[in-house]
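All of the numbers you see were taken from the coordinates with simple rules; none came from a lab. All figures in this text were calculated on a predicted structure; none of them were measured in a lab. All Cβ positions, even for glycine, are placed from backbone atoms using ideal geometry, and neighbour counts span all protein chains on display.
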Amino acid sequence: MGKRVLLLFPLPYQGHINPMLELAALLHSRGFSITIFHTTFNSIDSTKYPSYRFILVEDGEIANRFTSTVDDTVLRMIAWNNSCEQLFYDCLTSVLSEKNEEPNACLIMDMHWYNLQYLANRLRVPTLVLRTGSAATLNWFMTYPQLVQKGFIPVQESQRNMPVIELAPLRMGDLIRVDNCSHEVLRDLLTHEMDAIRTSSGVIVNTFDAIESTEVEKFQKAIPVPVFCIGPLHKFTPPARSSLLVPDHSCLEWLDTQVVGSVLYVSFGSLACMNYEEFIETAWGLANSDQPFVWVVRPGSILGKDEVDLPDGFIEATNGHGKIVSWSPQHEVLAHAAVGAFWTHNGWNSTLEAICEGVPMICRPQFADQMGNARYVTDVWKVGIILEGKLERGMIEKAIKRLMRDDEFGAEIRQRMRALKHEASLCIKSDGSSSINIDKLVNFISSF
Ligand code: UDP
């Protein structure tokens, strides 16, 4: 008999593709055969993965209908779910109808492909849902419609600091939010996604028990399917080679020349943007801090600018102590001994990667789950500080100095971060919580 076929469908954004491909590598190493569905938009370079089979779901019209900005992510997601059904049905039925000796297929899809989960259910294909964000976000998503009903959302400016009783430690201002997407649209999307999860065979979460056991327990109580926490996925396999932009490795050589723990790494992920005024404040905040830095300025990440337009005098002011790249090999940067702190937007992957390498964070969340992730970093794990309000050079300089140079404050945070890093290293050992959960997951899939 052949190997069991796993059909994987990531949401085509960097922060979703990476964990899905890491999961693919993990399950492939356990003897499963891997088929990956991908879209025309942000299609995956299949040549990097010769052991897998790739099937293109040609979403041509949707690929072109929206911009690649954050503003359009939710609308694009909804359009995909509404319009890709037939396309996906054709791809899926064609794979399923192939004559082979292999046992039944199982579909593992990103939780945002809710309509396609229903479709798989109709075809009687078992589905597992991958949540690439934290376990806590599942509770936030589940509670969102109730908060809308109670009138708490949209959040009033005066209530931003009010605690959300149902979702401690979140404050109102931390609740999931995407500009350009109304709370009604978000509520309906999240309701669909939670309903789809309830009809799945199980949920896989890229997290680990030591940081989120309460959140997992809460979610597990509320839904009738098993939850498998098997993160941090990038620590179980070599990190995914699926970068949509080309990483500039010269920053690693530059880091080799810097003092241990002295460099601030600055990156806001694959989608977050800033306006030109914030960019200028960031530049001068970095320069004035006098702290060495590696700064990722992604093409298109400064609104209204095609080029990186640095302020006059910035190069001279930072001469020798700053390195700007358009995309970094982030895992390697965070693991580099010279890196002492990470100024991040708190996408979940970045947050998890920082925890795994024991790098304290300066948090500047922007949208979706980032504000909530930052709340956990600062108030629960207490391994970072947050930059709130209008971004301004003075506050940036102060935060960098506080985290990286204030011996008492910085040392306490670093100590907590070391403890968290240790927990992350324990969960991936053969008797660690995530390793045990991976074994359970493999047995579970084999039982279909
Ligand atoms: N990343 C990278 N190089 C960069 C910036 C980000 O490789 O210069 C990777 C990072 O390691 C992470 C992913 O891109 O795995 C971003 O995911 P995250 O969830 O942090 O944020 P998103 O891009 O989804 O907002």
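Is any helix in the chain, taking whole DSSP H runs, at least 24 angstrom long along its axis by alpha carbon and on average at least -0.5 on the Kyte-Doolittle scale, and which ones? Going by DSSP H runs, the hits are 73-97.
The Cα atoms of segment 357-424 give a gyration tensor whose axes a ≥ b ≥ c have a/c of 1.5 or more with a/b no greater than b/c, which makes the shape oblate. Between the alpha-carbon centres of segment 134-188 and segment 429-448 there is a gap of 33 Å. Electrostatic bookkeeping for G202 treats Lys and Arg as +1 and Asp and Glu as -1; over the other residues with beta carbon under 13 Å from its beta carbon, the sum is +3.
Less than 5 angstrom separates the built amide H of V57 from those of H38, T39, T40, all sequence-distant by 5 or more or on a different chain.
Computed about its Cα centre, the charge dipole of the chain is approximately 1200 debye, with only Lys, Arg, Asp and Glu carrying charge at their Cβ. Principal axis analysis of the Cα atoms in segment 257-333 yields extents of 36, 30, 15 Å, listed in decreasing size. Each of S29 and N64 was given a label point 7 Å from its Cα along the Cα-to-Cβ line. The distance between the two points is 4.2 nm.
The alpha-carbon atoms of the chain define a convex hull whose volume equals 141 cubic angstrom per residue. When peptides 250-261, 336-347 are ranked by their average number of other Cβ atoms within 10 Å per residue, the highest-first order is 336-347, 250-261.
Note on T199 and R124: the model spin-label points, each 7 Å out from Cα along the C-beta direction, lie 1.6 nm apart. In the chain, helices alone account for a calculated mean residue ellipticity at 222 nm of -13500 deg cm²/dmol, with every DSSP H run of four or more residues adding -39,500 (n - 2.57). Remark on segment 247-301: hydrodynamic radius 12.4 angstrom, per the Kirkwood mean of 1/r across alpha carbon pairs. Near Q86, once Lys and Arg are set to +1 and Asp and Glu to -1 for all other residues with Cβ below 14 Å from its Cβ, the sum equals -4. Both numbers refer to the Cα atoms of segment 191-286; Rg and Dmax are 19.8, 53 Å.
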